[in-house]
Amino acid sequence: MGAGSAASLAAVVLCLAIAVLAPAVSGDGATLESVPDLVNAMYLNVESFPCVRLLNLSGEIGCSNPGSEKIIAPIVRFRKSSDQLVQKSTVLLPLDQMPDFFQRVSNDSALHQKVAGVLIESNGINSNLKELSPDRKFPQDAFAPYSNRSHDWNPAGSGIMWNMYDFPVFLLSEESTRTLRKVSEENEKADNGYRANVAEFDLVMQTTKAQTHDSASCLKEHSCLPLGGHSVWTSLPPIKNGSTEHQKPIILAIASQDSASFFRDRSLGSDSPISGLIALLTAVDALSHIPDLSNLKKQLVFAVFNGEAWGYLGSRKFLQELDEGADSVNGISGLMIEQVLEIGSVGKAVIEEYPSYYVHAAGNSPASKKILDALQSASTSLGSDNVKVKQATLSNPGVPPSSLMSFVRKNTSTSGVVLEDFDSHFSNKFYHSYLDNPANINSSSIAAAAALVARSLYILASDDAVVDLMTLNTIKVNVSLVKELIGCVLTCNPGLSCGLVKSFISPTNSCPSHYVGVFLDDPSGTQFPSYADDTSRFVWNFLADRTAASAGNKSSCTGKCGDESEVCVGAEVEGGGRCVVSTTRYVPAYSTRVKFEDNAWLVLPANSSDPMGVVDPVWTESYWNTIGLRVYAVQDSTYDWLILLAGLSITAASYCAVYFGRTYILKVAKRD
């Protein structure tokens with residue numbers, strides 16, 4: 001072979017290699033000027049929301065990579081939940097197939113082993129889905145204060161969020177859903193071609209790495225933290241600190257602030273329970289404008305509980321703090337609570353022309369009957385607003401899943417009711433689903449409930465005295481406030497960056513999420529928590545502001561005020577806050593079965609005197625380092641071998657060209 005022939009062969013091989021390789025690396029033709037450009041061209045980071053690993057005393061639920069390594073698998077789109085997998089794959093799943101698919105996976109070990117991960121498509125706020133609830137048909141039935149636990153409060157419930165899945169699961173954003181559908185279509189068209197689009201999951205949980213598979217062991221090995229946060233209570237008007245001997249009987253109005261979901265950071269809970277929270281805040285605002293509340297025969301106290309979706313953590317801890325006379329409840333005691341009015345799901349009461357609410361009573365005590373009478377009197381006083389109040393069906397087994405259960409289990413003679421927008425079954429078809437969003441509620445329904453509650457509380461606090469009808473009729477809710485609160489705590493725009501929230505706190509995120517999270521604070525520093533979530537801090541500041549006594553110097557502050565009867569409202573905002581006279585307190589919200597000791601959490605033995613503690617699962621959440629999901633293309637191994645062969649051919653041809661070229665040059669030099 002002559003040197004010219006070898007050089008020509010090398011050139012031909014090189015051109016062929018470039019022709020083959022160019023399409024694989026050229027992308028869309030954009031110029032790659034740096035390593036980050038190359039990474040961005042190769043990898044598609046997907047906006048998504050993970051399902052994470054949670055633990056309790058008996059095991060695990062939720063999702064995680066099965067080991068300590070990332071998972072990579074090709075993307076296959078299921079059209080229906082009965083589709084099959086031929087190899088280990090990432091399943092792109094339509095939202096409406098979610099319940100059937102996960103129930104099938106839980107019962108089919110062969111399918112479970114072939115599922116590398118699951119990507120759930122988002123249908124957006126205008127979904128045509130009629131119902132989707134990953135919770136059980138009787139949520140938290142173990143805490144019910146009655147024996148009949150077969151009642152389907154939540155008919156749409158599938159229970160899939162309470163199972164354990166040894167593979168990662170992510171909910172895609174709407175934009176990511178569109179992108180991943182295109183990616184899966186490319187895989188289908190390739191038909192075993194040289195390229196395949198794969199998903200790479202980084203959802204490694206510390207409990208998996210540490211081999212701790214229940215709450216007791218993971219707390220001991222420091223691979224998890226207990227679920228929890230901060231509840232808030234306040235009084236109107238403020239209560240003097242110190243002795244409770246000469247205080248009035250208490251009318252306690254309560255609501256919940258946390259929700260749950262299959263996906264950790266998509267727990268909005270618009271109807272259940274945030275509609276009740278908004279109604280309570282609006283009712284407090286309405287009552288704060290009424291003069292001479294101190295002349296009423298009973299004391300109004302309001303409480304917002306956190307962690308209720310995970311074993312009624314907030315209400316149970318609140319009752320424990322009352323029993324122990326803790327500083328967090330200074331000024332009140334459990335013996336002073338005469339009646340409890342809970343505001344549950346009230347966002348879907350407007351079905352026809354007027355809102356209708358149902359009153360679920362705990363027992364048939366005269367005090368509970370008084371609450372029903374007060375609600376009906378308040379309804380009558382609203383006149384043309386046509387707000388209807390009905391007693392729930394007597395055939396119901398008892399009160400629906402609610403914080404009131406904690407009070408009844410603690411004391412069976414508790415007089416209380418729950419105000420709901422349903423009778424025997426949840427009207428919310430998206431209970432504990434990310435689809436329980438603002439589109440699932442009606443602001444008019446919440447406003448009507450707030451007016452009903454505000455007037456009822458005034459009637460109850462007046463006791464048997466003749467109610468001042470002129471004052472009662474002046475109790476009107478701010479409908480604009482209801483709409484503003486919906487925008488603040490249930491949407492991303494404006495979200496927690498709204499003017500109302502930012503007038504009190506500096507939020508850490510604009511998009512709200514009402515998942516309780518984990519308890520990070522030292523419980524001894526309850527009144528000045530370092531890690532209270534945005535919602536708790538906003539609720540605390542809002543209630544402190546609305547229940548503040550008109551008297552007081554309102555001096556500026558950045559933390560603690562000089563007078564014990566004062567609190568600092570708006571301490572986080574630029575320029576500092578102001579000291580006001582208000583009885584507003586944080587209360588820790590975590591399981592009564594855990595204790596913080598020597599900078600570590602430990603599980604306490606069950607106490608027979610605490611019936612709810614005996615059935616408490618003691619929920620914890622695993623630590624993790626990072627959570628990530630990205631998509632990229634990989635080549636078939638056959639194509640890799642072709643590239644290797646082309647590279648070897650180029651190398652051999654280059655060697656030959658150099659060898660024969662050198663020989664040729666030496667011969668020419670000798671002739672000269």
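For segment 262-290, taking the residues that are open to solvent by 10 Å² or more (accessible area, probe 1.4 Å), in contact with a Leu (Cβ under 8 Å, 6 or more places away or on another chain) and not hydrophobic (A, V, I, L, M, F, W, C), the one that is modelled with the lowest pLDDT is identified as Arg266.
Checking segment 619-627 against the condition returns a match, with at least one residue being aromatic (Phe, Trp, Tyr), in a loop (DSSP other than H, G, I, E, B) and in contact (Cβ under 8 Å) with a residue 24 or more places away in the chain.
Counting the residues of segment 608-628 that are within 17 Å of Pro50 (Cβ to Cβ), open to solvent by 50 Å² or more (accessible area, probe 1.4 Å) and not polar (S, T, N, Q) gives 3. Taking the options Phe422, Phe407, name whichever one is part of a loop (DSSP other than H, G, I, E, B) and either among the charged types (D, E, K, R) or closer than 23 Å to Ala309 by Cβ (or both). One residue alone meets the criteria, Phe422.
Listed here are the strands (runs of 3 or more DSSP E) enclosed by segment 146-259 that have at least 3 residues being modelled with pLDDT under 95 and out of contact with any His (no Cβ under 7 Å at 6 or more places or on another chain): 195-202.
Every residue, every condition in (1) open to solvent by 10 Å² or more (accessible area, probe 1.4 Å); (2) basic (Lys, Arg); (3) over 29 Å from Pro617 (Cβ atoms); (4) in contact with a Cys (Cβ under 7 Å, 6 or more places away or on another chain), yes or no:
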| site | (1), (2), (3), (4) |
| --- | --- |
| Asn330 | yes, no, yes, no |
| Val350 | yes, no, yes, no |
| Ser377 | yes, no, yes, no |
| Gly383 | yes, no, yes, no |
| Asn386 | yes, no, yes, no |
| Ser406 | no, no, no, no |
| Ser413 | yes, no, no, no |
| Gly416 | no, no, no, no |
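Of the strands (runs of 3 or more DSSP E) lying entirely inside segment 302-394, the ones with 2 or more residues being more than 15 Å from Ile250 (Cβ to Cβ) are found at 356-362, 388-391. Can Ser524 be described as open to solvent by 30 Å² or more (accessible area, probe 1.4 Å) and either part of a loop (DSSP other than H, G, I, E, B) or of a type in the set (Asp, Glu) (or both)? So Ser524 fails the test.
Kindly indicate which of Leu296, Leu225, Leu313 is open to solvent by less than 10 Å² (accessible area, probe 1.4 Å) and touching an Asp or Glu at 6+ places or on another chain (Cβ under 9 Å).
Criteria check complete, one pass: Leu313.
Cβ-Cβ contacts under 8 Å between residues 6 or more apart (or on different chains), taken from a first residue in segment 360-388 that is over 11 Å from Leu452 (Cα atoms) to a second residue that is part of a loop (DSSP other than H, G, I, E, B) and aliphatic (A, V, I, L, M), are listed as His360/Ala392; His360/Val399; Ala361/Ala392; Ala361/Val399; Ala362/Val399. Scanning segment 155-179 for residues that are of a type outside the set (S, T, N, Q), crowded, with 17+ Cβ neighbours inside 10 Å and out of contact with any Lys or Arg (no Cβ under 8 Å at 6 or more places or on another chain) yields a count of 8. Any residue at all in segment 582-599 that's among the β-branched types (Val, Ile, Thr), within 20 Å of Glu308 (Cα to Cα) and in contact with a Pro (Cβ under 8 Å, 6 or more places away or on another chain)? The answer is yes; a qualifying residue exists. Scanning segment 495-512 for residues that are surrounded by fewer than 21 Cβ atoms within 10 Å (Cβ to Cβ) and over 19 Å from Asp285 (Cβ atoms) gives Gly495, Ser497, Ser506, Thr508, Asn509, Ser510, Cys511.
Considering segment 582-631, and only residues there that are touching an Asp or Glu at 6+ places or on another chain (Cβ under 8 Å) and charged (D, E, K, R), the residue that is farthest from Arg537 (Cα to Cα) turns out to be Arg630.
The values are calculated or read from the model by the stated rules, or taken from the named source; none is laboratory data. Predicted model, so just to flag it, every value in this text is computed and none were measured. Positions of Cβ are generated from backbone atoms using ideal geometry, with glycine treated the same way; all protein chains shown enter the neighbour counts. Note: areas computed on protein heavy atoms with side chains; ligands, DNA, RNA excluded. Shrake-Rupley method; radii C 1.70, N 1.55, O 1.52, S 1.80 Å.
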